1. Using modelled amide H (1.01 Å from N, peptide plane; none on Pro or chain starts), what sits under 5 Å from the amide H of Ser144, excluding residues fewer than 5 places away?
2. With both partners inside the chain, how many of the DSSP beta bridges are antiparallel, as a percent to the nearest 5?
3. Provide the FRET efficiency to the nearest 0.05 for the Ala107-Asp204 pair, computing r from the beta carbons and using R0 = 51 Å.
4. At 222 nm, what helix-only mean residue ellipticity would the chain give, in deg cm²/dmol to the nearest 500, using -39500 (n - 2.57) for each DSSP H run of four or more?
5. In whole percent, and with a 1.4 Å probe on the protein chains, what portion of the accessible area of the chain is carbon and sulfur?
6. Starting from the Cα gyration tensor of the stretch 175-253, take the square roots of the eigenvalues, sort them a ≥ b ≥ c, and report rounded, prolate or oblate (rounded when a/c is under 1.5, otherwise prolate if a/b is larger than b/c, else oblate).
7. Any chance you could list P(r) for the stretch 200-242, counting all Cα-Cα pairs in 5 angstrom bins from zero, rounded to whole %?
8. Using 7 Å Cα-to-Cβ label points, what is the Ile156/Gln231 separation (nm, one decimal)?
Amino acid sequence: MLFRSEPRKGNEGKRIAETSMGMINSVGLQNPGVHEFIRHEIPFLRRYDLKIIANINGNTIEEYCEMAKILDQEDVDSIELNISCPNVKNGGLAFGTNPKVVQEVVAKVRKSTSKHLIVKLSPNVTDIKEIAHIVEAEGANCISMINTVTGMAIDIHARKTVLKRGSGGLSGPAIKPIAIKLVHDVFHTVKIPILGMGGIMSGDDVVEFMLAGASAVAIGTGNFVNPVLPQLTLEKLQEYLERYKYQSVRQLVGDLV
């Protein structure tokens, strides 16, 4: 679940556009706010056998810390820190693109909660390995990657951008090779686990991410295409493990030759 400290309506106008190899979104992080999440979403989710990961995003470091402190007292298994959000105190530049700001926000959020902490990395940086190293050094338990890649779609007949806000985040199969490369790079940089994501559409994609170094994966855009995709990928993953005689899925992680 993704949320801010207060409810957010998200961006106006068209905010999702399909592309030939995925989609571009500029939803604007629409969510009910942390208190609504605690009152209604956590009790609903606890009816099922699953882990709850609360994705937090803020416009200031103080807002991130406030939400981390609140969730530290709640029944969630992990907090995912989304550092691709704009830092309003730094001219709107995303937190995750400036190494010094990454260090500060992760360090302060780490002090604000004892929960398992995942930090979600943006691919829109010069050196993601540097960012990953900082995140690990400041106490993150896990890294999730990659977030969307900045993109744009244009309506050639209207001669306008398809999304009202112009650009957005590209997800889906188009970004998978980028994600695989960055997961591979970070795997050889840090010792903490990686949650891989970015264009997973099949069981083969899952295997590819894990061979690159991901300990687990997340499926996003693929669910829009096929809502039962997670189950299908699990079945294909099991087939792969049996075919190549892996005793555990953990043996697959980073197992390139």
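1. Val119, Lys120, Leu121, Leu195
2. The antiparallel fraction comes to roughly 45 percent.
3. On the way: r = 38 Å, r/R0 = 0.75.
Taking R0 as 51 Å, the efficiency between Ala107 and Asp204 is 0.85.
4. Working: 8 runs with 80 residues, N = 257.
Calculated from helices alone, the mean residue ellipticity at 222 nm is -9000 deg cm²/dmol.
5. Solvent-exposed carbon and sulfur of the chain make up 53 percent of the total.
6. Numbers: a/c = 2.16, a/b = 1.11, b/c = 1.94.
Note, shape of the stretch 175-253 comes out oblate.
7. Percent of Cα pairs in each bin: 5, 26, 34, 24, 9, 2.
8. Computed distance between label sites Ile156 and Gln231 equals 4.1 nm.
The values are calculated or read from the model by the stated rules, or taken from the named source; none is laboratory data. Remember, predicted model here, so these are calculated numbers, not experimental data. Cβ: placed from backbone, ideal geometry, glycine included. Neighbour counts: every protein chain shown. Quick note on the areas: whole protein, heavy atoms, side chains included, nothing else; ligands and nucleic acids left out. Shrake-Rupley method; radii C 1.70, N 1.55, O 1.52, S 1.80 Å.
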